[in-house]
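Participant: Please find one structure pasted underneath; my questions will follow.
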Amino acid sequence: MRLLCSARHPAGCDSLVSVLNHITEKNIGWSITALIDIDILLRFQTKLSICPNNVNTIPVEKLSVDELITFVDQTFQSINPKIVLACSSGPDVSIDEVLIYLAKDRCQSFLIQDFWGDVNLGLGVTADTIFVCDQQALKLTKMKVDSDIVVTGPLKQLCDDQKSLDRPEIRASRDGDLSVLIVGMSTAWSAPGYKANMESIFVALKNIGLSEQVVYRPHPLERRRDLKELKKISATGEINLIWDQDSNVFNSLKKSDLIITAYSSVGFDAILYGSLYSYDVGKVVYWLFDPDL
């Protein structure tokens, strides 16, 4: 069986790795080619721990949609896959959407959904079958597309150490010190108002006495210069910022009483983890930084 798959986002990368590790572990003789965005190539290769040599990994540079269509079409003709598998990655049109688009009338197509109801119709085509995390995601997705929908449970966290996915201990009593987790965004620093809102959040946290319990988890694609800027404004706001370097976001979410982010799907992840492992989810706050919203 020839499988052509793709990922362009860290969450999609982790979901895809979970599937590929399972396929290669079972040693069922599939020929696998993976089209991986250059930004997450190292993450993909590092997490593809089981038989990585069984996967032919092709880095995908930053290309226009037309260039991507040409590139993927050439790959199709070369490999002649029987199945394609892509990962939903937000509203932009890139390698995943192009792969599903070109698979139409050529082979079976499958899509791993990142979070509840996330469907990208940027090229007017969606996959034949969509894998979703739970029944609620199934209901939301059915409202948008007529694809076959299969509840698989969440896939992306399975690429991490299984021991860290055991039922977590309940956090300390809320009468104790609160822990605040701020989750970064890959491109948000270029948006108007993002820096100002981050400064305001630090002021608010300091005013309520939380300057010593603030943890910042950088987005995997967040730039070094943006993190340097964040360090400056946290110091100005008298926030003793703690950097989260844990490879598995699950460990950070289960310890946090307050989770703050802008557009990251991590808020959905926190709720999903709480549902799966029956623990008390911290309060999730989404803040909008765009003046037009």
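The numbers here are math on the coordinates, done by the rules we state, and not lab data. A quick note: this is a predicted structure, and the numbers were derived from the prediction, not measured. Cβ placement follows ideal geometry from the backbone for every residue including glycine, while neighbour counts extend to all protein chains displayed.
Participant: What FRET efficiency comes out for Tyr286 versus Val65 if R0 is 30 angstrom and r is the Cβ-Cβ distance? Round to the nearest 0.05.
Facilitator: 0.55
Participant: Within 10 Å, count the other beta carbons around each residue, average over each peptide in 143-151, 129-137, and list them highest first.
Facilitator: So the order, starting with the most tightly packed, is 129-137, 143-151.
Participant: Working out 0.36 nm times the residue gap between Arg106 and Lys228, then minus their Cα-Cα distance, what length gain in nm do you get to one decimal?
Facilitator: Result for the pair: 39.2 nm of gain on full extension.
Participant: Which far-off residues, 5 or more places away or on another chain, put their amide H under 5 Å from the one on Cys87, with H placed in the peptide plane?
Facilitator: Excluding prolines and chain starts, which carry no amide H, the hits are Ser6, Ile112.
Participant: Per residue of the range 188-205, what does 6.51 cos²θ - 1.76 cosθ + 1.60 with θ = phi - 60° give for ³J(HN,Hα)? Whole Hz please, x for Gly and Pro, Karplus curve as stated.
Facilitator: After applying 6.51 cos²θ - 1.76 cosθ + 1.60, I find 5, 5, 8, 7, x, x, 5, 4, 4, 5, 5, 4, 5, 5, 5, 4, 5, 5 Hz.
Participant: Convert 10 °C to kelvin, take the viscosity as 1.306 mPa s, use the Kirkwood radius over C-alpha pairs of the range 22-112 as Rh, and evaluate the Stokes-Einstein diffusion coefficient in µm²/s, rounded to a whole number.
Facilitator: Details: Rh = 13.9 Å.
Approximately 114 µm²/s, per Stokes-Einstein.
Participant: Let me ask you something else. On full extension of the chain, what length is gained from Leu221 through Asn80, given 0.36 nm per residue of separation minus the C-alpha to C-alpha distance?
Facilitator: Separation in residues times 0.36 nm, less the Cα-Cα distance, equals 47.6 nm.
Participant: For the range 1-153, what is the convex hull (Cα atoms) projected area averaged across all directions, in square nanometres?
Facilitator: 8.1
Participant: When the Karplus curve 6.51 cos²θ - 1.76 cosθ + 1.60 is applied with θ = phi - 60°, which whole-Hz ³J(HN,Hα) does each residue of the range 102-118 get, with x for Gly and Pro?
Facilitator: 7, 6, 4, 6, 10, 6, 6, 10, 10, 9, 9, 7, 6, 9, 3, x, 6
Participant: Can you quote the Å³ per residue value for the convex hull of the Cα atoms in the range 97-136, rounded to an integer?
Facilitator: Hull volume normalised by residue count: 65 Å³.
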